[in-house]
Protein chains: 2
Amino acid sequence: MIDYLIREAQNVQWEIRVGDYSLDLAQDKCKGKDKCVAFEFDINNETQRKEEIENADIIVSMLPAKFHPVVAELCVEFGKHMVTASYVSDDMKALDQKAKEKGVLLLNECGLDPGIDHMSAMKVIDQIRDEGGELTAFESFTGGLLSPDTDPENPWEYKFTWNPRNVVLAGQGIVKFIQEGTYKFIPYHKLFRRTEQVHIPGYGYFEGYANRDSLKYLDVYNLRGIKTIYRGTFRRPGFCRTWDVFVQLGATDDTYQMEAVDQMTHRTFINSFLSYNPHDSVELKLAHYLNLELEGPEMHRLKWAGIFDNTPVGLSEGTPAQILEHILNKKWSLKPEDKDMIVMWHKFEFTDKQNKPQEVHSTLVATGEDAIDTAMSKTVGLPVGIATKLILNKQIDLTGVHIPIKKEIYGPILEELDTLGFEMSEKLVS
Amino acid sequence: MIDYLIREAQNVQWEIRVGDYSLDLAQDKCKGKDKCVAFEFDINNETQRKEEIENADIIVSMLPAKFHPVVAELCVEFGKHMVTASYVSDDMKALDQKAKEKGVLLLNECGLDPGIDHMSAMKVIDQIRDEGGELTAFESFTGGLLSPDTDPENPWEYKFTWNPRNVVLAGQGIVKFIQEGTYKFIPYHKLFRRTEQVHIPGYGYFEGYANRDSLKYLDVYNLRGIKTIYRGTFRRPGFCRTWDVFVQLGATDDTYQMEAVDQMTHRTFINSFLSYNPHDSVELKLAHYLNLELEGPEMHRLKWAGIFDNTPVGLSEGTPAQILEHILNKKWSLKPEDKDMIVMWHKFEFTDKQNKPQEVHSTLVATGEDAIDTAMSKTVGLPVGIATKLILNKQIDLTGVHIPIKKEIYGPILEELDTLGFEMSEKLVS
């Protein structure tokens, strides 16, 4: 995102200011580049945040999401536009009227997921409606995975390419969706067993588990009355069945501190979730408890992840989720040369204006260059960068709190993403 | 508890004042009895609560637990003793020093569980210590069940004899205990599958699931260093495996509101937790999903409970837990003539002063008379009543915040319970 804006700045009268709590990090982003100034920035410094926002033309906030409303309020006060890749919070939503009065655009959910998912879905949905069709089912999956040529011996076909803590906690709470006109609810402890399999020609099989609340998209995409709505996350086949082992054990629980963590090994961590039985190994107890084959693929993935090792965890305290994250990070951190992969896939079922059932699939696959220029960072950052440019150039000319579901926003962003090599391919399959 | 105190009041200079938010209810308790006055009482009325507490010699608070600290503060202010059957909250604990300064006793956890469990356990623990023994394992279970002659066709052998909401939510959160020197943690979704079976001569088999935090009893009973500590709840065999069906479905979740509850039947409630499949019945889908025999005992209990019926739920909104409670109440409410049963069982393993391993079991079984005079109400209320009498008579002469783990409290209470027919029988089994 920063590189994109710096590149775009070369031909126009822009200056990019990159602020970070770590000056080193900010300088690193700007090193050797024209029209880019790095500075140390502390969001909790009221004087500084006012000054920086007042002096800018537009603000891109990549801060932790809880700070966005603080920035947004000042943006409204000083009449500056703002772009984020985060979900619209209630505090953000509350600024809508004021932003409109000040002629300010607060554009959120403009990354990958949320972001490109909204844009690419609304593009097809609008098209179906424009052609007189009626949407009956919408399913959508996104996954941050590994390029197939990266780490081929990793049986999970997965590493952390996104906030590891959020990956460990993913799916907690209740899952809601609609299937054939019926509301469906899946509790967390069943989520990773109720997966869907999807084949994407050229890329193979994926398994998807449901995201938390698909129902909120009924209003966001204006889909009330639709028979099926389901949003999910992609992993490679076998991942979910194995991840479910951690869920079943209680190893992803983030609600309590464990005991004697300073003396804990990977192996005793796992054993603390198993019954006492002095005769059986931890492996045997686990396999028996969760009905796994002792030499099957799930046990192979778990062994590869090192969870049975007598290695000290290396923390002095922690919740199960924090300890599990710490253990997995030892194997699941990207190496410098690793390439990640983003896969997004939508399925639209609709009846066309002749009342004939039709089905369209829309697919985006993007591959990273290395552990820094990941597909994740590009697909999250580029839409933000493009939106920023379009707002500055007044090609997007809205006020208030928005997400990219309007054609005037998603149209030009998708178009430019396309020219940058991030193309959603749409295919009528029936 | 009220009947006991009224009875005791007849021979001495006491007057019992029974206050309730419902005057009818209070009057009902006092009807036709001497030395007993009913009045309408609203804890949120500051003037009234001050007046009532100031004019009393001792306060028994059977209010919802959150109100106890409000009462306790005034008790300390006016120098009045107080008795409750509830767990000591942090707010209550904070009053310890002030209570001591004022010469006031705030005695809590003086019912059944917590209450008689503390007393009967500490009696044996103190005895083992007095005789030079060392406790190595402590397990303790309590259950509010049905008398075997009540409702013999009820395959759950269970009805609500305690706050139904708490029964539906029981076990949520994390379970912690120590087994043979190892900390063990069980997540909620595994709790009802990791039960222990206990046989009590004369009463048959029980199954126990673990209570939330057994570790806190390490300090309460001064058991640091013990190899095994486990506290649990008794049900009749088969109950837990069937209750687990609700847990696995997510039907005990209390964190979200369901959709379209006003149109919901028992059957559609259950179906909302199952996959869409137009070819199979709800029964078949459930049995298949949770690996139950279609004609097995779990399905029999579920059918008996009416959960597959096309009966409207009869609520306009609710969480899954609220809806499940409402459905179960239709079958699990005590009929006027039903008798409940309380079972409490402790197991103590210790080495005696000759270093020989020993084992003692301690058992209390009490049966109710009908749906009003339940074993539950007696075993919760009588210890409170007895403690109140003993404090008034200065036979318990302590100040500060206490629970009945000191011999000077539990000794005379257990003694009187014994004379009233509630006797813990202790037996050396090895």
>> Rounded to the nearest angstrom and ordered from largest down, what semi-axes does the equivalent ellipsoid of segment A:245-333 get from its C-alpha gyration tensor (root of 5λ)?
In response: 20, 15, 12
> Which residue is it, in chain B, that holds its beta carbon closest to the axis of the B-onto-A rotation, and how many whole angstrom away?
Replying inline: B:His189, 2
>> Quick check: Cα centre of segment A:10-45 to Cα centre of segment A:120-139, how many Å?
In response: 41
> Using a 4.7 Å Cβ cut-off, which Cys residues in chain A lack a partner cysteine?
Replying inline: A:Cys75, A:Cys110, A:Cys240
> Remind me, relative contact order of segment B:321-430 in percent, using alpha carbon pairs under 8 angstrom and six or more residues apart?
Replying inline: 29
> Using a ≥ b ≥ c from the Cα gyration tensor of the protein assembly as shown (square roots of the eigenvalues), is it rounded, prolate or oblate, where a/c under 1.5 gives rounded and otherwise the larger of a/b and b/c decides, a/b for prolate?
Replying inline: prolate
> Considering only the label points, 7 Å along Cα→Cβ from Cα, what distances in nm to one decimal separate B:Gln395 from the same position in each other copy, shortest first?
Replying inline: 9.0
> How much accessible area per residue does segment A:217-285 have, in Å², with a 1.4 Å probe?
Replying inline: 36
>> Given the DSSP H assignment, sum -39500 (n - 2.57) over each helix run of at least 4 residues in chain A and divide by its residue total; what's the result at 222 nm in deg cm²/dmol, nearest 500?
In response: -10000 deg cm²/dmol
>> Which residues, if any, in segment B:273-290 lose at least 50 square angstrom of accessible heavy-atom surface (probe 1.4 Å) when the other protein chains sit next to their chain rather than the chain being alone?
In response: B:Tyr276, B:Tyr289
>> Rounded, prolate or oblate for segment A:1-111? Axes are the square roots of the Cα gyration tensor eigenvalues, ordered a ≥ b ≥ c, and the cut-off for rounded is a/c under 1.5.
In response: prolate
> Relative contact order, percent, of chain B when contacts are C-alpha pairs under 8 Å separated by at least 6 residues?
Replying inline: 21
> If you add up the charges near B:Thr399, with Lys and Arg at +1 and Asp and Glu at -1, over every other residue whose beta carbon is less than 11 angstrom from its beta carbon, what do you get?
Replying inline: 0
> Sorted from largest down, what three extents in whole angstroms do the Cα atoms of segment B:38-175 have along their principal axes?
Replying inline: 51, 47, 31
> How big a patch of accessible area, both sides summed and in Å² to the nearest 100, lies buried between A and B at a 1.4 Å probe?
Replying inline: 2800
> Among A:113-119, A:184-190, B:309-315, how do they line up from the highest to the lowest mean number of other beta-carbon atoms within 10 Å?
Replying inline: A:113-119, A:184-190, B:309-315
> Along Cα→Cβ at 7 Å, what distances in nm separate the A:Asp24 label point from those on the other copies, shortest first?
Replying inline: 7.3
>> For the pairs A:Lys100/A:Lys389; B:Lys31/B:Lys339; B:Lys227/B:Lys335, flag any whose C-alpha to C-alpha distance is greater than 32 Å.
In response: B:Lys227/B:Lys335
>> Taking each residue in A:179-187, count the Cβ atoms of any other chain within 10 Å of its Cβ, then average. What number comes out?
In response: 6
> So what is the accessible area of segment A:42-81 per residue, in Å², with the probe set to 1.4 Å?
Replying inline: 54
> Hey, if you put +1 on the Cβ of every Lys and Arg and -1 on every Asp and Glu Cβ in chain A, which of A:Ser120, A:Ile391, A:Ile413 ends up farthest toward the positive end of that dipole?
Replying inline: A:Ser120
> Quick one: of the DSSP bridges fully inside chain B, what percent are antiparallel, nearest 5?
Replying inline: 65
>> Give me the percent of accessible area attributable to carbon and sulfur for chain B, probe 1.4 angstrom.
In response: 46
> From the label point of A:Val12, set 7 Å from Cα along Cα→Cβ, how far away are the matching label points in the other copies, in nm, ordered shortest to longest?
Replying inline: 8.8
> Based on the alpha-carbon gyration tensor of segment B:292-356 and its eigenvalue square roots a ≥ b ≥ c, which shape applies: rounded if a/c is under 1.5, prolate if not and a/b is larger than b/c, or oblate?
Replying inline: prolate
>> Using only the alpha-carbon atoms of segment A:148-210 as identical scatterers, what base-10 log of I(q)/I(0) does the Debye formula give at q = 0.24, 0.25 Å⁻¹?
In response: -1.18, -1.20
> Once label points are set 7 Å from the Cα along Cα→Cβ at both A:Glu134 and A:Asp28, what is their separation, rounded to one decimal in nm?
Replying inline: 5.5
> How big is the C-alpha Rg of chain B next to the rule-of-thumb value 2.2 N^0.38 Å, as a ratio?
Replying inline: 1.06
> Averaged over peptide B:300-312, how many Cβ atoms belonging to another chain are found within 10 Å of each residue's Cβ?
Replying inline: 0
>> Restricting to bridges with both residues inside segment A:54-176, how much of the DSSP beta-bridge set is antiparallel, in percent to the nearest 5?
In response: 10
>> Averaged across B:253-260, how many Cβ atoms of other chains sit within 10 Å of each residue's Cβ atom?
In response: 3
> Which of the helices in chain B, when you take each full DSSP H run, stretch at least 24 Å along the axis at their Cα atoms and have an average Kyte-Doolittle score of -0.5 or higher?
Replying inline: B:375-392
> For the protein assembly as shown, what proportion of DSSP beta bridges, expressed in % and rounded to the nearest 5, is antiparallel?
Replying inline: 65
> For B:Gly400, which sequence-distant residues (separation of 5 or more, or a different chain) have an amide H within less than 5 Å of its own amide H, given hydrogens modelled in the peptide plane?
Replying inline: B:Lys100, B:Val104, B:Leu105, B:Leu106
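The values are calculated or read from the model by the stated rules, or taken from the named source; none is laboratory data. Here the structure is a predicted model, which is why all the values come from computation and not from measurement. Methodologically, a virtual Cβ is constructed for each residue, glycine included, from the backbone with ideal geometry; neighbour enumeration extends over all protein chains shown. Side chains included, ligands, DNA and RNA excluded: accessible areas come from the protein's heavy atoms. Shrake-Rupley method; radii C 1.70, N 1.55, O 1.52, S 1.80 Å.
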